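Enquirer: Take this structure first; my questions come after.
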Amino acid sequence: GQQLNQSPQSMFIQEGEDVSMNCTSSSIFNTWLWYKQDPGEGPVLLIALYKAGELTSNGRLTAQFGITRKDSFLNISASIPSDVGIYFCAGPGDTDKLIFGTGTRLQVFP
Amino acid sequence: GAGVSQSPSNKVTEKGKDVELRCDPISGHTALYWYRQSLGQGLEFLIYFQGNSAPDKSGLPSDRFSAERTGGSVSTLTIQRTQQEDSAVYLCASSSYNQPQHFGDGTRLSIL
């Protein structure tokens, strides 16, 4: 079946550093979504991508829909302590249900 | 409120008991999803409702798990004869057709 692989699994960075994480698929996706999950809460949608090659920003976050449609990247610039959390990529599977990546756990040190 | 609401937020119960988890989706959203998230893990799809169509139950892990969606709005996830491995966070999400999902904060289920 379709799978999403995220890397890295975890990151430990200094406040102010830039962060980059990616997500790859074994098959083509027509939509890529990036969510962030804070401890004790549900995932919150950060960015949605609908077109191959699309580059979209949301504040300090930038995400790109890979041209092959099999990957996507999320970058966070000038990280701050509240960026801590788990970042998930997701895309619609063969049916309407979303397939989620395994997550990238981000820890930011002051 | 305007978001997806789940209740209870926490549930502790003894092994073998039945539990019911409730989800109130965003008003007007036709799609509703249930996921399970074990500690430190990703989201495992359980079941999906879309309008009046038959639900996609392909993710339910056993026949002890069932879900209903009454009147196209509120949904209840029921786990019968709970086992310790059922301990997890159960997340509900809703969406308009072909739009990104919005999640509730989940129910943290602990089976003793």
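Enquirer: Can you tell me which residue is nearest to A:Ile86 (Cα to Cα) among those in the stretch A:1-16 that are surrounded by 15 or more Cβ atoms within 10 Å (Cβ to Cβ) and within 14 Å of chain B (Cβ to nearest Cβ)?
Expert: A:Gln6
Enquirer: Regarding the stretch B:4-20, can at least one residue be identified that is in contact with a Cys (Cβ under 7 Å, 6 or more places away or on another chain) and modelled with pLDDT of 95 or more?
Expert: yes
Enquirer: Which of the residues spanning the stretch A:17-46 are open to solvent by less than 10 Å² (accessible area, probe 1.4 Å), more than 11 Å from chain B (Cβ to nearest Cβ) and at pLDDT 95 or above?
Expert: Across the stretch A:17-46, the qualifying residues are A:Val19, A:Met21, A:Cys23.
Enquirer: Restricting attention to the stretch B:74-112, and to residues there that are within 16 Å of B:Gly3 (Cβ to Cβ) and loosely packed, with under 15 Cβ neighbours inside 10 Å, which single residue is farthest from the other protein chains (Cβ to nearest Cβ)?
Expert: Once the filter is applied, the top-ranked residue is B:Val74.
Enquirer: Tell me yes or no: at least one residue of the stretch B:10-27 is within 13 Å of another protein chain (Cβ to nearest Cβ), surrounded by fewer than 16 Cβ atoms within 10 Å (Cβ to Cβ) and assigned to a strand (DSSP E or B).
Expert: There is at least one residue in the stretch B:10-27 that is within 13 Å of another protein chain (Cβ to nearest Cβ), surrounded by fewer than 16 Cβ atoms within 10 Å (Cβ to Cβ) and assigned to a strand (DSSP E or B).
Enquirer: For the stretch B:14-21, state whether one or more residues are under 12 Å from the mean Cα position of the chain (by Cα), closer than 29 Å to A:Asn30 by Cα and not aromatic (Phe, Trp, Tyr).
Expert: The answer is no; no qualifying residue exists.
Enquirer: Tell me, yes or no, whether the stretch A:83-105 has at least one residue that is over 18 Å from B:Ser96 (Cα atoms), open to solvent by 10 Å² or more (accessible area, probe 1.4 Å), basic (Lys, Arg) and away from chain B (no Cβ under 14 Å).
Expert: no
Enquirer: I would also like to ask the following. Do we have B:Gly40 as part of a loop (DSSP other than H, G, I, E, B), over 18 Å from A:Gly93 (Cβ atoms) and either at pLDDT below 95 or of a type in the set (Phe, Trp, Tyr) (or both) here?
Expert: yes
Enquirer: Ok, one more. Which one of the conditions (1) touching a Gly at 6+ places or on another chain (Cβ under 6 Å); (2) closer than 17 Å to A:Ile99 by Cβ does B:Ala31 fail to meet, given that it meets all the rest?
Expert: The one condition B:Ala31 does not meet is (1).
The values are calculated or read from the model by the stated rules, or taken from the named source; none is laboratory data. In this text, all values refer to a predicted model and were calculated from it rather than measured experimentally. Neighbour counts are summed over all protein chains in view; Cβ atoms, including those assigned to glycine, are modelled from backbone coordinates with ideal geometry. For accessibility, only protein heavy atoms count, side chains too; no ligands or nucleic acids. Shrake-Rupley method; radii C 1.70, N 1.55, O 1.52, S 1.80 Å.
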